[in-house]
Amino acid sequence: MSTNSEHALVDIQGLVKAYDLLPILRKLDLTIARGEFVALLGPNGSGKSTLIRLLCGLSRPTAGLIRIGGWELPKESAAVRAQIGLVSHKPLLYDNLSAIENLQFFGRLYNLSGSGLQAHIQAMLVKVGLAKRGHDLVRTYSRGMLQRLSIARALLHNPDILMLDEPYTGLDQDASTVLDGLLKEAHADGRTILMTTHDLPRAAVLPTRVIILSRGVIGYDASASGLDALSLAQIYANVTSMVSAR
Ligand code: ADP
Ligand code: MG
């Protein structure tokens, strides 16, 4: 993409992440502009979750630069995290608390409180379709409901960027369709979205841009406009087999 690095919301330069000298990300350069909805694709082990963790300040780069909204990681990680809502593999919710209690807990972590927080929590629960189940313990929730509550949690502090790591994994058709709607709405609200997924049909239609990570480098990066499920599946097969054949 032709995003100018100076104006990028996410600016990654020469990013290297190695575990025990084994490089997982090899000098990655990537910029994401405000308002983009990026699908991050790639085979298992290609480094998608590693990249998300680095961008959230949960892991430190071996080398390279990460700047988000002008703030630099790792030294300004609090300012970076304030701009990011994360929906990871794990729901990051307390089983023995109700949905409302979970959101109150996370709200306080973000220094939100009082009647403003109560009203906000209620509005978030309505948004994700859980208003009637707000007082139920989270351990009684289905996978789809957990995913929706995770999104409410991730959006509670009104972050500019929403990052989701394989949010469709384990969801049935109905729950996936509900998630489609929530992501479209978050994007329409002006949020920038970075989502890893193995769901190629969705990656072809939902996002504005598709990136394929393969063996620690970006093997493909293009606008999603005009893509369909079949052409993306072909591109994906070409990019991932080309790199693994090296
Ligand atoms: P993806 O999310 O694309 O499936 P990951 O980012 O989870 O891939 O992992 C990329 C590679 O990094 C894998 O080979 C994985 O084993 C390795 N890896 C991830 N986290 C660690 C860690 N904490 N220590 C050692 N190796 C790790
Ligand atoms: Mg992963």
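The values are calculated or read from the model by the stated rules, or taken from the named source; none is laboratory data. In this text, all values refer to a predicted model and were calculated from it rather than measured experimentally. Positions of Cβ are generated from backbone atoms using ideal geometry, with glycine treated the same way; all protein chains shown enter the neighbour counts. Please note that ligands, DNA and RNA were not included when accessible areas were found on the heavy atoms of the full protein model with its side chains. Shrake-Rupley method; radii C 1.70, N 1.55, O 1.52, S 1.80 Å.
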Given Cα pairs under 8 Å that are at least 6 residues apart, what percent is the relative contact order of the stretch 69-176?
41 percent
At R0 = 22 Å, how high is the FRET efficiency between Ala119 and His89 if r is their beta carbon distance? Nearest 0.05 is fine.
0.10
Could you work out what % of the accessible surface of the stretch 136-242 is carbon and sulfur, using a 1.4 angstrom probe and leaving DNA, RNA and ligands out of the count?
53 percent
Starting from the residue with the highest accessible area, list Ser49, Ser241, Ser225 in decreasing order, probe 1.4 Å.
Ser225, Ser241, Ser49
Here the gain from full extension of Ala222 to Leu58, 0.36 nm per residue of separation minus their alpha-carbon distance, amounts to 56.3 nm
Testing the spin-label approximation: label points 7 Å from Cα along Cα→Cβ at Glu101 and Asp160. State their distance in nm.
3.6 nm
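Kyte-Doolittle mean at least 0.5 and Cα extent at least 15 Å along the axis: which DSSP H helices of the chain qualify? Don't skip to the answer; put the middle values down first.
Numbers: long enough: 99-109 (16 Å, 0.37); 114-127 (20 Å, 0.44); 143-155 (18 Å, 0.25); 173-188 (22 Å, -0.13); 229-244 (22 Å, 1.02).
Going by DSSP H runs, the hits are 229-244.
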Counting only the heavy atoms of the protein chains, how much of Tyr19 is accessible to a 1.4 Å probe, in Å² to the nearest 10?
100 Å²
Of all DSSP beta bridges with both partners in the stretch 130-246, the antiparallel percent, nearest 5, is 55 percent
So, for the stretch 117-177, what is the accessible surface per residue at a probe of 1.4 Å, expressed in square angstrom?
42 Å²
Taking 0.36 nm per residue of sequence separation and subtracting the Cα-Cα distance, how much length would be gained by fully extending the chain between Ala82 and Gln173, in nm to one decimal?
29.5 nm
So how exposed is His135, as accessible area in Å² (1.4 Å probe, rounded to 10)?
150 Å²
